[in-house]
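The values are calculated or read from the model by the stated rules, or taken from the named source; none is laboratory data. Since this is a predicted model, take the numbers as computed values, not measurements. All Cβ positions, even for glycine, are placed from backbone atoms using ideal geometry, and neighbour counts span all protein chains on display.
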Amino acid sequence: MKIAGVPYRSIWVDEEDGWSVRIFDQTRLPWAVETLRLTDEEQVAQAIRSMQTRGAPLIGATAAYGLALALRRDPSTENLERVAAMLGETRPTAINLRWALERMLEALRNQPPERRAEAAYAEAKAICDDDVETNRRIGEHGLELLRGIAARKQAEGRGGEPVNVLTHCNAGWIATVDYGTALSPIYQAFDEGMKVHVWVDETRPRNQGAALTAWELGAHGVPHTVVSDNAGGHLMQHGQVDIVIVGTDRVTRNGDVANKIGTYLKALAAKDNGVPFWVALPHSTYDPRVADGVREIPIEERSAAEVTDITGRAPDGSLVTVRVAAEGSDAANPAFDVTPARLVTGLITERGRCDASAEGLAGLYPEHG
Ligand code: MRU
């Protein structure tokens, strides 16, 4: 996607030195567009833990390059296994991290050590290229849903109204290598001239909606409105949401969906109001090894300070963190929740759409048995 007319991916190998890895520092967005240069596996791990890089597909791609950086210095099998295990521990919920590391290990284990670094860069690039094409296709399959809503509104004499999409957290291009998952259909709809408007949940505690989704959509010119996380149910009751589309960090064999905390409440409100609730996922987010999402998916618990404090831009332009909770109160910060498959209208994948069910997923991904 483009920033000020210049096309970018969200991760790339530095053109000047040809080996270090560049990412956008997402803790600085939307106030500053700054890149970080990563030169070893420890910096990569720290960038993932601190969420300077984030979003399920992007942390997988970043970890893949983390292995490549580690193998430049020490291509031994021992180092390969050690660094893969270390990077795999950085965040627990998104399965894309494990998926990318397993793909790298499979490609590298049987390579002679002297060829491993080169092979690792090639495999990390292949993971990135795969993600870009996957997300472009997710956009095509989701676009059909948006076209259907636009046609229905037209037939009802409401053709002047936009298609109103509600989304939670950030599943846009900055959460992937490019295009995004949940936002990919929206970008394609906007680019083909459809009237589309996005309700952007602010997504406390880290505000990925207000900071990142709003920034992305704004940069592309897509009309959008930031709302507090609690507004979605009210908007749905008043017919102001045509469809909910969210991303995901892990989809189980049965179609349960882990995503940013608060997603489950949006799904409940959507069910109660007859609003379709769709989840966009690339193949790397499907975890056929897990069935019951509520019981089996590990939910990341992050620092309480993300709840008690909030960071924003002061009138003088500086970044400030202020406390919003009463002094002395404890806070808890579960970062994800699981939406049971029964609340999900359907899944949008690069291979098409399906029911959120074992049958639906097996139909699209038969190779997983
Ligand atoms: O904690 P984050 O910001 O990494 O969480 C991101 C999400 O929950 C996204 O919705 C999900 O990773 C899908 S990104 C295409």
In the stretch 56-75, which residues are over 23 Å from Ile297 (Cα atoms) and touching a helix residue (DSSP H, G or I) at 6+ places or on another chain (Cβ under 6 Å)? Tyr65, Gly66, Leu67, Ala68, Leu69, Ala70, Leu71, Arg72, Pro75
Taking the stretch 203-219, which residues are more than 21 Å from Gln240 (Cβ to Cβ) and more than 16 Å from the ligand (Cβ to nearest atom)? Ala219
Some residue of the stretch 101-118 being assigned by the TED database to the domain that holds Thr39, within 25 Å of Asp249 (Cα to Cα) and within 16 Å of the ligand (Cβ to nearest atom): no
State yes or no: is Ser303 free of Cβ contacts under 8 Å to residues at least 40 places away in the same chain, within 13 Å of the ligand (Cβ to nearest atom) and assigned by the TED database to the domain that holds Ala189? yes
Taking Glu296, is it surrounded by fewer than 19 Cβ atoms within 10 Å (Cβ to Cβ) and within 16 Å of the ligand (Cβ to nearest atom)? no
Report the residue count in the stretch 44-93 for those that are touching a residue at least 60 places away in the same chain (Cβ under 8 Å) and within 15 Å of the ligand (Cβ to nearest atom). 11
Segments classed as strands (runs of 3 or more DSSP E), wholly inside the stretch 292-369, with at least 3 members that are under 24 Å from Asn135 (Cα atoms): 336-339, 346-349, 352-354
